[in-house]
Amino acid sequence: MPTAASRAELERLLEDDVPYGDLTTEALGIGARPGVMRFTARDPMVLALVEDAAAIIELAGCRVELFAASGTTLAKGAPILSAYGSASGLLRAWKVAQTLIEVWSGVATEARAIVDAARAVSPDIAVACTRKNIPGTKRFAVAAIKAGGAVMHRLGLSETVLVFPEHRALLDKVPLTEMVNSLRRAAPEKRLVAEVTSFDAAVEMVVAGFDVIQAEKFSPAEMVSLVAGVKAISPVWNRPMVAAAGGINAGNVAAYVQAGAHIVVTSSPYLARPRDVQVEIRSAAAEEFITEAA
């Protein structure tokens, strides 16, 4: 699989951590010694960003052998990669590569948990993750979400049309049909999505002609009523999709799918705990590993 980030972006990650050299390694005088570094899964995980981690290690002048690709489900103790090179190169890349895998494998693992729970109810349902990731990390976030089997809800503001209540508050009570006509003229090939926080607002958006009704923080019972209401007031050939959003996670997603949501929208993978990666480093001439403290 290709890397999520460009070579220049990965180089900047290394430069951020090692801007003026590795003082400890230089002071010890061990930089030229050949070594081996191995990454294994200390936690069960859905692996993510391993290709970027490998590229970072290679940028530090080392050779990498990958044992699993992003998107692979790993058991505790499963090998991830081995790297071979000078002590200076291995130690330079170690923490950046390790942290990249740990953080984004946490995101991928949580995304997979939500996808699995949703598809246990409806095998074809889409789990879409929002753009509510840490600013500046979008390339990694998107790659992790995909590794977990989910899709992106919106990559940003430029490629989708989503009308929030906040937009309406700035429009001085422009009729909804006029709003829809204006949006279709400006973006004729795009689906029109409207976020709503009440049943009545959803009905208004359906009547106005929106393509997707995004129900924000509806309970599963409220979703049942909304789906039934949309079905009652719109013909099959022009019926909008209903998306459940706000507070969706692996523990409750099944209830929203059972309630009839066509799509579930979530930000919760971005809050997942990192998955632990064990790193072992040894001298290429020695047999005994120097193992990172648990």
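Out of the range 88-117, which residues are more than 30 Å from Gly31 (Cα to Cα), among the aliphatic types (A, V, I, L, M) and open to solvent by 10 Å² or more (accessible area, probe 1.4 Å)? Passing the criteria: Ala113, Ala117. Within the range 128-140, the set of residues being touching a helix residue (DSSP H, G or I) at 6+ places or on another chain (Cβ under 7 Å) and surrounded by 17 or more Cβ atoms within 10 Å (Cβ to Cβ) comprises Cys129, Asn133, Phe140.
Residues of the range 269-289 that are out of contact with any strand residue (DSSP E or B) (no Cβ under 6 Å at 6 or more places or on another chain), buried (at least 20 other Cβ atoms within 10 Å of the Cβ) and part of a loop (DSSP other than H, G, I, E, B): Ala272 alone. Just wondering, is there one or more residues in the range 67-81 that are more than 21 Å from Ala285 (Cβ to Cβ), open to solvent by 60 Å² or more (accessible area, probe 1.4 Å) and part of a helix (DSSP H, G or I)? Among the residues of the range 67-81, not one is more than 21 Å from Ala285 (Cβ to Cβ), open to solvent by 60 Å² or more (accessible area, probe 1.4 Å) and part of a helix (DSSP H, G or I), which makes the answer no.
Annotation note: of Leu10, Leu47, Leu59, the sole residue that is more than 21 Å from the chain's Cα centre (by Cα), within 30 Å of Gly149 (Cβ to Cβ) and at pLDDT 95 or above is Leu59.
Taken together, the criteria place Arg63 among residues that are among the basic types (Lys, Arg), open to solvent by 80 Å² or more (accessible area, probe 1.4 Å) and touching a strand residue (DSSP E or B) at 6+ places or on another chain (Cβ under 9 Å).
From the list Ala8, Ala32, exactly one residue is part of a loop (DSSP other than H, G, I, E, B), farther than 24 Å from Ala272 by Cβ and not aromatic (Phe, Trp, Tyr). Which is it? Walk me through how you get there before you give the answer.
Details: Ala8 fails: part of a loop (DSSP other than H, G, I, E, B).
The match here is Ala32.
Evaluate the following for Gly149: is it over 20 Å from Ala194 (Cβ atoms), touching a strand residue (DSSP E or B) at 6+ places or on another chain (Cβ under 8 Å) and part of a loop (DSSP other than H, G, I, E, B)? For Gly149, the condition - over 20 Å from Ala194 (Cβ atoms), touching a strand residue (DSSP E or B) at 6+ places or on another chain (Cβ under 8 Å) and part of a loop (DSSP other than H, G, I, E, B) - is met. Within the range 156-167, at least one residue is more than 27 Å from Ala117 (Cα to Cα), charged (D, E, K, R) and open to solvent by 70 Å² or more (accessible area, probe 1.4 Å). Of the helices (runs of 4 or more DSSP H) contained entirely in the range 173-268, those carrying at least 2 residues that are at pLDDT below 95 and more than 30 Å from the chain's Cα centre (by Cα) fall at 176-186, 199-208, 220-233. Across the range 222-259, the number of residues qualifying as of a type in the set (Ser, Thr, Tyr) and closer than 12 Å to Ala118 by Cα comes to 1.
The values are calculated or read from the model by the stated rules, or taken from the named source; none is laboratory data. Remember, predicted model here, so these are calculated numbers, not experimental data. Glycine also receives a Cβ, built like all others from the backbone with ideal geometry; neighbour counts cover every protein chain displayed. Accessible surface areas use protein heavy atoms only, side chains included; no ligands, DNA or RNA. Shrake-Rupley method; radii C 1.70, N 1.55, O 1.52, S 1.80 Å.
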